[in-house]
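Enquirer: Sharing a structure with you now.
Values quoted throughout were computed directly from the atomic coordinates according to the rules given, and no laboratory measurement underlies them. Quantities reported herein were computed from a predicted structural model and do not represent experimental measurements. All Cβ positions, even for glycine, are placed from backbone atoms using ideal geometry, and neighbour counts span all protein chains on display.
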Amino acid sequence: MAPVVAALIPGIVEALKGLLKKKAPDVAQKVEELLSDPQTRIELEKLAIRKMELQMEPEKWELADRASAREMARYDMTSDSFLSKNVRPMVLIYLTVMFTIAFFLSAKNEFAAQMVNTFQSLLLWVYGFYFGGRSLEKIVKIVRSK
């Protein structure tokens, strides 16, 4: 929603300028003077840069979270314990089987239909971690090599 609104803002500003020029030419002149001031333009550019930095923060957090999860998976693979090496694949298999069973039962059972949604959400996270995380690692490796 926010990108759509941000894309509309320049058009809205231009429409407001046109409206001000028609209805209140003296106010429009003052606004133009204010916007043409170099110091005001610098402040507006600083605000725009800060806004872009704030919009990128959640993406940075998500990348850091995924990297830490992948690092934890690497540590688990170096362990000698069968369970620590195989818990993630077993969870993936379990959720896939349960989703399939709930899907077929959902035609006759309302509870199973609700479970399909639950397993679907869980599977999105698990598949995202397994396959999306690995893809992200490959992309980061390619970007760093350049």
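Enquirer: Could you please find all residues in segment 68-118 being among the charged types (D, E, K, R) and touching a residue at least 12 places away in the same chain (Cβ under 8 Å)? Even if it seems obvious, please write down each step before you answer.
Expert: Of all residues in segment 68-118, those among the charged types (D, E, K, R) come to 70-71, 74, 76, 80, 85, 88, 108, 110.
Result: ARG70, ASP76, ARG88.
Enquirer: When you look at VAL116, is it of a type in the set (Val, Ile, Thr) and more than 25 Å from GLU62 (Cβ to Cβ), yes or no?
Expert: Details: of a type in the set (Val, Ile, Thr): yes; more than 25 Å from GLU62 (Cβ to Cβ): yes.
Judged against the criteria, VAL116 is a match.
Enquirer: Answer with yes or no whether ASP80 is of a type in the set (Asp, Glu) and closer than 18 Å to TYR127 by Cβ.
Expert: Details: of a type in the set (Asp, Glu): yes; closer than 18 Å to TYR127 by Cβ: no.
Answer is no for this residue.
Enquirer: Follow-up question, since we're still on this one. Is it fair to say ALA24 is over 35 Å from the mean Cα position of the chain (by Cα) and surrounded by 10 or more Cβ atoms within 10 Å (Cβ to Cβ)? Lay out the reasoning, then the answer.
Expert: Values: over 35 Å from the mean Cα position of the chain (by Cα): yes; surrounded by 10 or more Cβ atoms within 10 Å (Cβ to Cβ): yes.
The answer is yes for ALA24.
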